[in-house]
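To start, the structure itself, in structure tokens.
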Amino acid sequence: MNLYAVRAIYHFEMSRTWRTLMQSIASPVISTSLYFVVFGAAIGSRMAEIDGVSYGAFIVPGLIMMTLMTQSISNASFGIFMPKYAGTIYEILSAPISHAEIVMGYVGAAATKSMILGLLILVTSEFFVTFEILHPLWMIFFLLLTSVTFSLFGFIIGIWATGFEKLQIIPLLVITPLAFLGGSFYSISMLPDIWQKIALINPVVYLISGFRWSFFGVADVSVGVSIGMTLFFLAVCLGVTALIFRTGYRLKH
């Protein structure tokens, strides 16, 4: 394995983050903090507990996961789209580096940014609400698994996109609505029976449920199912990525 090439791509992508610190890190943290102020402090103080957890604490995993998904997609899609846009993607494809190593460099950097962002939001949330993490190792595992999975999904979007506007279509019109409807601010057990069954079609429900379990030991679906669904989505993204490089879809033309 050409670790030097992987490290070069990784460091290049990470250096872009430090150059745009306000946009990459500060802006998402500040935006999420506003959610804590509005939903956690203002509204949460007037709401009853959910599954024995105060509402302000209950929404912490949902907000972290929502930010993690959108930022993972954004970081990875922009990272691979820019070489396509600038025409430097041909230099990468002709370099002595395998397709797997290219993916490792770009997806690894995007996942690292998302992990840092998720941990920063976790620390920031403690200024607004009080909570304890029952399963910290599982929490880190869900953070890592979600970051890698959605960074890989974002990598696919970056290759598929033919313009800057397309980079925002999936995150804005698909991921964000699914995150809001996936139990970020409520438990799906609060819904009528028919809507609970419909909610289970939403894959984001399983991500948020498993992540919330790592905090409070409560979940809408079993942890095993949450992990299985995430791994399934990861496997699909890996398969699509392999197909893209095999066919040269929007890479060679």
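Only the coordinates and a few stated rules stand behind these numbers; no lab work does. For clarity, every value in this text was computed on a predicted model and none was experimentally measured. Glycine also receives a Cβ, built like all others from the backbone with ideal geometry; neighbour counts cover every protein chain displayed.
Data overview
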item: Spin-label pair Val174/Tyr4, simplified geometry with 7 Å Cα→Cβ offset, distance in nm; result: 3.8
item: GNM top mover of Ile116, Ile157, Ile201 - the chain, alpha-carbon springs below 10 Å; result: Ile201
item: For Ile50, residues with placed amide H under 5 Å, excluding near neighbours; result: Tyr55
item: Crossing angle, helix 203-216 versus the chain [Cα axis fit, 0-90 degrees, rounded to tens]; result: 60
item: Label-to-label distance, nm, for residues given as Glu49 and Val240 (7 Å Cα→Cβ offset); result: 4.1
item: Cα long-axis angle, helix 55-86 against the chain (0 to 90 degrees, to the nearest 10); result: 10
item: Computed over region 156-240, Kirkwood Rh from alpha-carbon pairs, angstrom; result: 14.1
item: Size of electric dipole in region 3-247: Cβ of Lys, Arg +1 and of Asp, Glu -1, about Cα centre, debye, nearest 20; result: 480
item: Relative contact order %, the chain, counting alpha carbon pairs below 8 Å whose residues are six or more apart; result: 26
item: Spread of Cα-to-Cα distances over 10 Å intervals beginning at zero, given as percent, for the chain; result: 7, 31, 34, 20, 8, 1
item: Residues of type aspartates and glutamates that Lys113 reaches as a straight line, Cα spacing below 13 Å, ignoring anything fewer than 8 places off in the same chain; result: Glu13
